[in-house]
1. Which members of region 44-59 meet the condition of being touching a Pro at 6+ places or on another chain (Cβ under 9 Å), surrounded by 11 or more Cβ atoms within 10 Å (Cβ to Cβ) and not hydrophobic (A, V, I, L, M, F, W, C)?
2. For the condition under 21 Å from L98 (Cα atoms), of a type outside the set (D, E) and surrounded by 19 or more Cβ atoms within 10 Å (Cβ to Cβ), what is the one hit in A144, A149?
3. Taking region 105-118 only, how many residues are assigned to a loop (DSSP other than H, G, I, E, B) and of a type outside the set (S, T, Y)?
4. Of the residues S110, S133, only one is of a type in the set (S, T, Y) and closer than 30 Å to K171 by Cα; which?
5. Looking only at region 89-130, count how many residues are of a type in the set (S, T, Y), within 19 Å of K152 (Cβ to Cβ) and within 21 Å of the chain's Cα centre (by Cα).
6. Among the residues of region 51-84, write down those that are assigned to a strand (DSSP E or B) and modelled with pLDDT under 95.
7. Working only within region 4-43, note down all residues that are farther than 15 Å from L71 by Cα and among the basic types (K, R).
8. Quick check: is even one residue across region 94-104 assigned by TED's automatic domain parsing to the domain that holds P153, part of a strand (DSSP E or B), of a type in the set (A, V, I, L, M) and without any contact (Cβ under 8 Å) to a residue 12 or more places away in the chain?
Amino acid sequence: MSRIGKQPVEIPSSVTVEVKDGVVVVRGQAGTLEVPVPNVLEVKIEGSQATVVPKRETKQTAALWGLTRSLLANAMEGLSKGYTKKLEIHGVGYRVNLQGDTLVMALGYSHDVTLKAPVGITFGVEKNEITVSGYNKELVGNVAAKIRAFRKPEPYKGKGIRYSGEIVRRKAGKKAASA
């Protein structure tokens with residue numbers, strides 16, 4: 001039995017949910033998301049709640065039950081509220097600019113690093129902070145991770161791109177030899 005899977009998902013008033021064969025289509029003001037449903041599970045919609053119910057009980061069903069319920073809840077929350085991730089840039093000479101829907105970052109390389117926003121993602125830039133927002137939780141997380149991967153924070157000076165609130169463990173540098 002899955003503790004998470006048993007819980008019903010509240011359907012916000014701004015979101016419509018439709019169950020088709022093997023897929024739950026969630027529509028909101030921001031866009032549309034499709035959540036795949038494994039053939040061992042089914043989704044029932046009663047009033048303003050959606051519940052995921054197993055067709056038969058196996059070990060695999062218990063794992064997929066909680067996963068499917070979480071994916072469904074994330075889709076509904078994303079289309080009603082949206083998701084954001086903030087990244088900070090630390091380092092002398094490290095800059096970021098927004099040109100249209102493209103991020104242009106100077107990260108100490110011989111060239112500027114550019115990243116065009118995928119469909120459903122918007123960037124915001126304020127001083128040394130990048131905001132990645134969108135309605136698909138997975139896509140927001142992947143784009144934020146991709147930006148961070150351009151220049152991961154290094155442990156000696158702490159330079160690089162890090163998530164807002166991320167703590168970078170610092171290492172001691174070389175010490176002068178005692179004479």
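The values are calculated or read from the model by the stated rules, or taken from the named source; none is laboratory data. These numbers come from a predicted model, not from an experiment. No Cβ is skipped: glycine too gets one built from the backbone with ideal geometry, and neighbour counts run over all protein chains shown.
1. The answer is S48, Q49, T51.
2. A144
3. Total meeting the criteria: 6.
4. Of S110, S133, the one residue that is of a type in the set (S, T, Y) and closer than 30 Å to K171 by Cα is S110.
5. Counting residues in region 89-130 that are of a type in the set (S, T, Y), within 19 Å of K152 (Cβ to Cβ) and within 21 Å of the chain's Cα centre (by Cα) gives 1.
6. Selection gives T51, V52, V53, P54.
7. K20, the sole residue that qualifies.
8. yes
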